[in-house]
Amino acid sequence: MAEKLVLAGPASEELGRTVAEKLGLPLLAAEFKVFGDGESKFTLNEKVEGKSIFVVQSTYPPVDQHMFQLFLASHQLSEAGAKVTAVVPYLAYARQDKEFLPGEGVTLGVVAHQMRSVGVRRLVTVDIHSAEGLALFSFPTYSVSAIPSLVEYAKAKLDLKDPVVISPDFGGSKRTEAFARLYGAKFLQLSKTRDRTTGGVSVKDSKLEVTGKEVVIVDDIISAGDTVKAAAEAVIRQGAKKALAFCVHGLFVGDAFQKLEKTSVGPIVCSNTVPGKFSKVDVSDALASHLGTLEE
Ligand code: R5P
């Protein structure tokens, strides 16, 4: 059987190390460097021919730098004769998985094509935005779910009394419904729409049974924070006592923190696919258990 190693990329040094420890695998000796002009460089410091390497590299901002570092490492490793599994906890571009407006590029398809051309043989990610996106890849792909770990955290750390779990939109409803089911809470869905041209978010005010309730908003991504803000405002308008937010990938771009602070959403809990102050839920167990089942 091929010897296995883990490469902890610069975007996921800690998570990569933890995954390696949990799998009982050594870390690969390699170096990443970013020059002053923004160019990236990858140097491989050991022989990898015939080995199987899990390259753990999340692609949160700076998105293109992290993605390119993944491409550089994968290319070097596959050229040197290794089998590369890209382990990308947060897969950037997953929201661009179809042509929403005429002429828009399906950017996730370009990412899939690039991964293949640099020698990636398998992709493992965490809660891809939509499972349909996986169809764009021409090699085996797996989306591991962080939802059970988020639920475990909610049960262990928050003293919620009969909460209601809400999905901001139809797109994320399956994931949120799974959260509600595992928690043993009631599930409701809002109707969020995003203006595809301006990016503005609005939530339709339909009647919701949330009066006096603690409402847990569950989404895959918090980016600019507009979706969670709009959902929280909608449930508070309907009489909810409190709005909390759980998400898998907490990007918090721009003034997202301030925006959410003003809306009094809290606590906010994310997984550590993206490191940050709200990244309290560790996905290393979920990743390691999945990687441990992959056949060579
Ligand atoms: C969209 O469909 C996603 O599931 C998230 O709701 C969205 O990406 C969150 O983005 P933002 O925080 O910028 O509203």
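The residue list 37, 64, 97 contains one member that is touching a helix residue (DSSP H, G or I) at 6+ places or on another chain (Cβ under 7 Å) and among the charged types (D, E, K, R), which is 97. For the structure I just gave you, tell me whether residue 221 is within 16 Å of the ligand (Cβ to nearest atom), touching a His at 6+ places or on another chain (Cβ under 7 Å), closer than 26 Å to residue 273 by Cα and not polar (S, T, N, Q). For residue 221, the condition - within 16 Å of the ligand (Cβ to nearest atom), touching a His at 6+ places or on another chain (Cβ under 7 Å), closer than 26 Å to residue 273 by Cα and not polar (S, T, N, Q) - is met. When you scan region 28-65, how many residues do you find that are surrounded by 12 or more Cβ atoms within 10 Å (Cβ to Cβ), of a type in the set (Phe, Trp, Tyr) and assigned to a loop (DSSP other than H, G, I, E, B)? Summing the residues that are surrounded by 12 or more Cβ atoms within 10 Å (Cβ to Cβ), of a type in the set (Phe, Trp, Tyr) and assigned to a loop (DSSP other than H, G, I, E, B) in region 28-65 gives 1. For region 66-121, a residue qualifies if it is of a type outside the set (Val, Ile, Thr), surrounded by fewer than 16 Cβ atoms within 10 Å (Cβ to Cβ) and assigned to a helix (DSSP H, G or I), and the qualifying residues are 79, 113, 116, 117.
The residue pairs whose first member lies in region 202-219 and is on the phi > 0 side of the Ramachandran plot, whose second member is part of a loop (DSSP other than H, G, I, E, B) and away from the ligand (no atom under 16 Å from the Cβ), and whose beta carbons are closer than 6 Å, counting only pairs six or more residues apart or on different chains, are 212/241. If you go through region 190-199 and pick out every residue that is more than 10 Å from the ligand (Cβ to nearest atom) and under 25 Å from residue 274 (Cβ atoms), you end up with 2.
Report, by residue number, each residue of region 77-117 that is in contact (Cβ under 8 Å) with a residue 40 or more places away in the chain and farther than 20 Å from residue 130 by Cα. The answer is 77, 78, 79, 83, 85. The set of residues in region 50-109 that are touching a strand residue (DSSP E or B) at 6+ places or on another chain (Cβ under 7 Å) and of a type in the set (Lys, Arg) comprises 51, 83.
Scanning region 59-108 for residues that are farther than 17 Å from residue 118 by Cβ and touching a Gly at 6+ places or on another chain (Cβ under 8 Å) gives 94, 96, 97, 99.
For region 231-267, a residue qualifies if it is out of contact with any strand residue (DSSP E or B) (no Cβ under 8 Å at 6 or more places or on another chain) and in a helix (DSSP H, G or I), and the qualifying residues are 237, 257, 258, 259, 261, 262. Given the criteria part of a loop (DSSP other than H, G, I, E, B) and away from the ligand (no atom under 16 Å from the Cβ), does residue 212 qualify? Yes; evaluated as a whole, the condition is true for this residue. Is region 274-296 home to any residue that is more than 13 Å from the chain's Cα centre (by Cα) and assigned to a strand (DSSP E or B)? Checking region 274-296: at least one residue is more than 13 Å from the chain's Cα centre (by Cα) and assigned to a strand (DSSP E or B).
One line per residue, one yes/no per condition, for (1) more than 24 Å from residue 91 (Cβ to Cβ); (2) modelled with pLDDT under 95; (3) within 9 Å of the ligand (Cβ to nearest atom):
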{"position": "232", "(1), (2), (3)": "yes, no, no"}
{"position": "242", "(1), (2), (3)": "yes, no, no"}
{"position": "245", "(1), (2), (3)": "no, no, no"}
{"position": "252", "(1), (2), (3)": "no, no, yes"}
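Of all residues in region 218-230, exactly one satisfies the criterion of being surrounded by fewer than 24 Cβ atoms within 10 Å (Cβ to Cβ), touching a helix residue (DSSP H, G or I) at 6+ places or on another chain (Cβ under 7 Å) and assigned to a helix (DSSP H, G or I), namely 229. The strands (runs of 3 or more DSSP E) falling completely within region 141-191 that include 3 or more residues that are surrounded by 22 or more Cβ atoms within 10 Å (Cβ to Cβ) map to 164-167.
The values are calculated or read from the model by the stated rules, or taken from the named source; none is laboratory data. Everything numeric in this text was worked out from a predicted model, so none of it was measured. Because the Cβ atoms are built from the backbone with ideal geometry, glycine has one as well, and the counts that use them run over all protein chains shown.
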